[in-house]
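Undergrad: Below: one structure in structure tokens.
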Amino acid sequence: MRVLVIEDEPRMLELLRRGLQEHDCTVLTAMDGEGGLEIAASMEFDAVVLDIGLPLCDGYDVIRALRGRFCTTPVLMLTARDGEDDIIRGLDLGADDYLTKPFSFAELVARLQAITRRPRHEMNSAIQAGDLAVDVLKRSVSRGDRTIELSRSEFALLLLLVRSAGECVSRRSLMECVWGENPEVGSGALDVLVNSLRSKIDLSSRPKLIHTIRGSGYLLSSSMQVAGHSR
Ligand code: CA
């Protein structure tokens, strides 16, 4: 079993690495979310063990980015927070299971075996936000009864926004989802792409769905008022 461990605490990381190796796992490690996503993009894994509290981009961002790329590798979250909301949030974003620290190694291994044996969960093919409908498998988009034709890049952008509906998606995440890690395009390309997407999604329909969060990124929301944010 090949496992990617993303954990920022060196002692915990070493413990996980050694323990998993003793259970015949091949282990690759990253100490922050961005590094983990880079490794995950470069090879296939049987499972990802993911700490939620990470520097740069946190565990939630990692799950969102993985699932946004249609990566179905099972993810086991490690969380120091035992708040139900945090766990539900992670599972909603596409994590397969979670463990609250501290945990026993036997339990970790058992959970990993369980999630890797499960059939990979089907990505929900149809996503709805207000009157906007996106079908991931058919790659079709419509608002009300209006069918919308999108380019490949526009579709990738919309998909990430709609999967994160109600939350601000950072410019960096959006750029990576469209152009990959270390995009060679300037950040102006993102504004051009968003404007083009808006012209198709929002121009002749109300309410506006795509909102600009100044200095941060973009947010898709079907509610008329996005508190404190300007378009
Ligand atoms: Ca941590």
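Quick note: the coordinates plus some simple rules give every number you see, no bench work behind them. Source: prediction; values computed, not measured. Backbone-built Cβ (ideal geometry, glycine too); neighbour counts: all protein chains shown.
Undergrad: Can you tell me the orientation of helix 188-201 relative to the chain, as the angle in degrees between its alpha-carbon axis and the longest Cα principal axis, to the nearest 10?
TA: 60 degrees
Undergrad: Report the antiparallel proportion of the DSSP beta bridges in the chain as a percent, rounded to a multiple of 5.
TA: Taking every DSSP beta bridge within the chain, about 50 percent pair in antiparallel fashion.
Undergrad: Right, something else. How big is the antiparallel share of DSSP beta bridges in segment 44-153, given as a percent to the nearest 5?
TA: 60 percent
Undergrad: If you don't mind, there's one more thing I want to ask. Residue by residue through segment 148-156, what is 3J(HN,Hα) from phi via Karplus (6.51 cos²θ - 1.76 cosθ + 1.60, θ = phi - 60°)? Round to whole Hz and write x for glycine and proline.
TA: Coupling constants for segment 148-156: 10, 8, 10, 6, 4, 5, 4, 5, 4 Hz.
Undergrad: OK, next. Search the structure for amide H atoms under 5 Å from the amide H of Val75, placed 1.01 Å from N in the peptide plane, and list their residues when 5 or more places away or on another chain.
TA: Under 5 Å from the amide H of Val75 lie the amide H atoms of Val48, Asp96, Asp97, each far enough along the sequence or on another chain.
Undergrad: Right, another one. Can you return the aspartates and glutamates within cross-link range of Lys208? Criterion is Cα-Cα under 12 Å, with same-chain partners fewer than 8 residues away left out.
TA: Asp131
Undergrad: Report, to the nearest 10°, how far helix 59-68 tilts away from the longest principal axis of the Cα atoms in the chain, using its own Cα long axis and a range of 0 to 90°.
TA: Roughly 60 degrees, rounded to the nearest 10.
Undergrad: Taking amide H positions as placed in the peptide plane 1.01 Å from N, state which residues far from Val5 in sequence (5 or more) or on other chains have amide H under 5 Å from it.
TA: So Val5 has HN proximity to Leu28, Thr29, Ala30, Val49.
Undergrad: Might you report the magnitude of the Cβ-based charge dipole of the chain about its Cα centre, with Lys and Arg at +1 and Asp and Glu at -1, to the nearest 20 debye?
TA: 900 debye
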